[in-house]
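See below for the structure under consideration.
The values are calculated or read from the model by the stated rules, or taken from the named source; none is laboratory data. In this text the structure is predicted, and so the values were computed from the model without any measurement. Here the Cβ is made from the backbone with ideal geometry for all residues, glycine too, and neighbour counts use every protein chain on show.
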Amino acid sequence: MVLRTVVGFGRGLVLFTLAVTNMVMLAISAVVFVLCFGLGMVFLFPVTVRMVRGRAGQARAVARAWSGVEIAAPYRAAPPPPQPQRDGWYREGRQLYRTSLVPSFNRTWNWMIKDPATWRDFAWLLAEPLIGGLLAISPLLMVGYGLVLARVGQPVEVLAGVVLVVAGVLVAPRIARVHGLWTRLLLAPTHKARLANEVRHLTQVHTEVVDSQAAELRRIERDLHDGAQARLVAIGMTLGAAEELMDSDPKAAKALIAKVREASAASLIELRQLVRGIHPPVLAERGLGDAVRALALDSPLKVTVGVELPLRPEAPVESAAYFVISELLANASRHGDARNVAIDISHRRSALRVTVTDDGHGGADPSRGSGLRGIERRLSAFDGVLALNSPPGGPTVATVELPRAFPAEACGSTLPAWKQKLMSVCWGLFWLPLFPQGLVAMFMKIFGADERSWFLALYMPEPLQWPVIIGMIALGAGMVWFAAKAAQQAKERDDA
């Protein structure tokens, strides 16, 4: 507990120092704005934006490392580099350029200045020293001012000082989490930005799926042309020859008919394998578990299969999971020199999770294998992910997760409804007692401001003002603690 408190004070001080550095960047940005939009030195703008984005990225990384608050990057995708025409010139609108310098700058300028996240970064740069820095240093301020009050000697001041010190010590371990939530408020993607990113992602996935389907159709056409079609043509020619020999040499015609029977059996086997490669009948009839067990029986490896699913997922998800497992088994056999493979099919709430572990020599890398890249393309259509751990020497562990494969109600709720509602209320209203009725009123009390405004504590009798201020700060901090604790419980249940 002591170590957590000391670490909390230290992190708060570091966060306050980083917030102060924002003032330097803010001054630099103000000068750059004057030079850019006043004197036309526009080449300084992209450099400044990248500097601010780097600082914002650092804040996201600190929030993730110190408080577990994940903040996704909200920026739009960078524009592609300009491509020269056949004559070597670069076209940008109605203008032609000999080099790509001006077209590339114009694209970068439009990309940055039209991205709302750019201006949200600058807003955060302005607000962080005022709000984030004050928030980060508040435990130290509470302890410091509490010690000052305790030295006065009056009973009320001593009591208020002790309460402030205790409150500062209790808040310190959680201040990094609160600061992370404040950072997420301005630096996380907005709803519109998330929709834009999802549309861009869906467009990319649609293109990849169309390309994958086209490649699959070409493969089926090639297999039919080179396999079953060639055999059927050969069967027809052999039957024609047998028909001509039927009267003159019945024995030879009988031998040809026997070859036709063998060729037809081979063609039937090829057609069955082709159909299995498109959609195995056992998958449609028996489900993913039995289909994978049948796949394991056909594999030359020793395969163990474990299945624990609440119900059957949708047919497209089943098909994707089946072919992913099939590809991973093939890779373990062909490239990993594995002998034993363990397949575990389970669910993580509404997500389908597949783990394939083999005892091969490892070293698998998606960047070097078209099979693993094909798995990633197949999973991208369902927002699925592939996590691969394959150190040299093995073993190789491939974990596949397909979200929203099952209805959420089939897997149990994350939290009770009352706790979810209370958590939402705490997230939405914690700032009211913590900041205006707590910290702001405290500083107005410290500096003896005459303005009472709507601060409840300042309307109280003198002996009750400090207890009310401290109570408000404690209430706001308690609401943040409860909401963060409930969110952590929900995450732990999801990970279970």
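How many residues does segment 436-477 contain that are farther than 19 Å from VAL425 by Cβ and either touching a strand residue (DSSP E or B) at 6+ places or on another chain (Cβ under 8 Å) or not small (Gly, Ala, Ser) (or both)?
Keep residues of segment 436-477 that are farther than 19 Å from VAL425 by Cβ, which gives 439-470.
Retained after the next criterion (residues that are either touching a strand residue (DSSP E or B) at 6+ places or on another chain (Cβ under 8 Å) or not small (Gly, Ala, Ser) (or both)): 439-440, 442-447, 450-452, 454-456, 458-470.
Adding up the residues that qualify gives 27.
So which residues in segment 13-43 are under 34 Å from the mean Cα position of the chain (by Cα) and part of a loop (DSSP other than H, G, I, E, B)? PHE43 - this is the single residue of segment 13-43 that is under 34 Å from the mean Cα position of the chain (by Cα) and part of a loop (DSSP other than H, G, I, E, B).
Out of ALA65, ALA61, ALA72, ALA56, one residue alone is part of a helix (DSSP H, G or I), within 24 Å of the chain's Cα centre (by Cα) and in contact (Cβ under 8 Å) with a residue 24 or more places away in the chain. It is ALA56. Out of curiosity, is GLN465 more than 43 Å from the chain's Cα centre (by Cα), over 30 Å from GLU401 (Cβ atoms) and at pLDDT 80 or above? Against the criterion (more than 43 Å from the chain's Cα centre (by Cα), over 30 Å from GLU401 (Cβ atoms) and at pLDDT 80 or above), GLN465 qualifies.
Give the residue, chosen from VAL2, VAL20, VAL31, that is exposed (fewer than 14 other Cβ atoms within 10 Å of the Cβ) and in contact (Cβ under 8 Å) with a residue 12 or more places away in the chain. Spell out the reasoning first.
Working: VAL2 fails: in contact (Cβ under 8 Å) with a residue 12 or more places away in the chain; VAL31 fails: in contact (Cβ under 8 Å) with a residue 12 or more places away in the chain.
Testing whether each residue is exposed (fewer than 14 other Cβ atoms within 10 Å of the Cβ) and in contact (Cβ under 8 Å) with a residue 12 or more places away in the chain leaves just VAL20.
The rows are residues; the columns are (1) of a type in the set (A, V, I, L, M); (2) closer than 21 Å to LEU159 by Cα; (3) without any contact (Cβ under 8 Å) to a residue 60 or more places away in the chain; (4) in a loop (DSSP other than H, G, I, E, B).
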position	(1), (2), (3), (4)
GLY428	no, no, yes, no
PRO433	no, yes, yes, no
GLY438	no, yes, yes, no
GLY476	no, yes, yes, no
PHE482	no, no, no, no
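VAL305 passes all but one of (1) of a type outside the set (S, T, N, Q); (2) assigned to a strand (DSSP E or B); (3) closer than 15 Å to GLY360 by Cβ; which number fails? For VAL305, the failing item is (3).
Considering segment 289-318, and only residues there that are without any contact (Cβ under 8 Å) to a residue 60 or more places away in the chain and of a type in the set (Val, Ile, Thr), the residue that is farthest from HIS347 (Cα to Cα) turns out to be VAL303.
Within segment 146-156, not a single residue is closer than 24 Å to LEU429 by Cβ, part of a helix (DSSP H, G or I) and not assigned by TED's automatic domain parsing to the domain that holds PHE430.
I'm checking my understanding of the structure. Among residues of segment 421-435 that are over 25 Å from the mean Cα position of the chain (by Cα) and among the aromatic types (Phe, Trp, Tyr), which one is nearest to GLN488 (Cα to Cα)? Spell out how you get there, then give the answer.
First pass over segment 421-435, keeping only residues over 25 Å from the mean Cα position of the chain (by Cα): 421-422, 425-426, 429-435.
Still in the list and also among the aromatic types (Phe, Trp, Tyr): 430-431, 435.
Working: PHE430: 17, TRP431: 20, PHE435: 24 Å.
Among them, the one singled out is PHE430.
The residue that is surrounded by the fewest Cβ atoms within 10 Å (Cβ to Cβ), counting only those in segment 300-313 that are at pLDDT 80 or above and not aliphatic (A, V, I, L, M), is PRO300.
If we keep just the residues of segment 82-102 that are in a strand (DSSP E or B) and not aliphatic (A, V, I, L, M), which is surrounded by the fewest Cβ atoms within 10 Å (Cβ to Cβ)? Walk me through it before giving the result.
Taking segment 82-102 as the starting set, the residues that turn out to be in a strand (DSSP E or B) are 90-92, 95-97.
With the extra rule that they be not aliphatic (A, V, I, L, M), the set shrinks to 90-92, 95, 97.
Details: TYR90: 19, ARG91: 14, GLU92: 15, GLN95: 11, TYR97: 16.
Checked segment 82-102; the qualifying residue surrounded by the fewest Cβ atoms within 10 Å (Cβ to Cβ) is GLN95.
One line per residue, one yes/no per condition, for (1) buried (at least 17 other Cβ atoms within 10 Å of the Cβ); (2) in contact with a helix residue (DSSP H, G or I) (Cβ under 9 Å, 6 or more places away or on another chain); (3) among the aromatic types (Phe, Trp, Tyr):
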| residue | (1), (2), (3) |
| --- | --- |
| GLY362 | yes, no, no |
| GLY384 | yes, yes, no |
| ALA387 | no, no, no |
| GLY393 | no, no, no |
| THR396 | yes, yes, no |
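Listed here are the residues, each with its yes/no results for (1) part of a helix (DSSP H, G or I); (2) crowded, with 21+ Cβ neighbours inside 10 Å; (3) touching a Pro at 6+ places or on another chain (Cβ under 9 Å); (4) of a type outside the set (Val, Ile, Thr).
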{"site": "LEU271", "(1), (2), (3), (4)": "yes, no, no, yes"}
{"site": "VAL282", "(1), (2), (3), (4)": "yes, no, no, no"}
{"site": "GLY289", "(1), (2), (3), (4)": "yes, no, no, yes"}
{"site": "LEU329", "(1), (2), (3), (4)": "yes, yes, no, yes"}
{"site": "ASP337", "(1), (2), (3), (4)": "no, no, no, yes"}
{"site": "ASP344", "(1), (2), (3), (4)": "no, no, no, yes"}
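Could you tell me whether LEU224 is over 30 Å from VAL480 (Cβ atoms) and at pLDDT below 70? Criteria met by LEU224. Of the residues ALA408, ALA364, the single one that is at pLDDT below 75 and in contact with a Ser or Thr (Cβ under 8 Å, 6 or more places away or on another chain) is ALA408. Annotation: of all residues in segment 364-382 being free of Cβ contacts under 8 Å to residues at least 40 places away in the same chain and not in a loop (DSSP other than H, G, I, E, B), the one that is surrounded by the most Cβ atoms within 10 Å (Cβ to Cβ) is GLU376.
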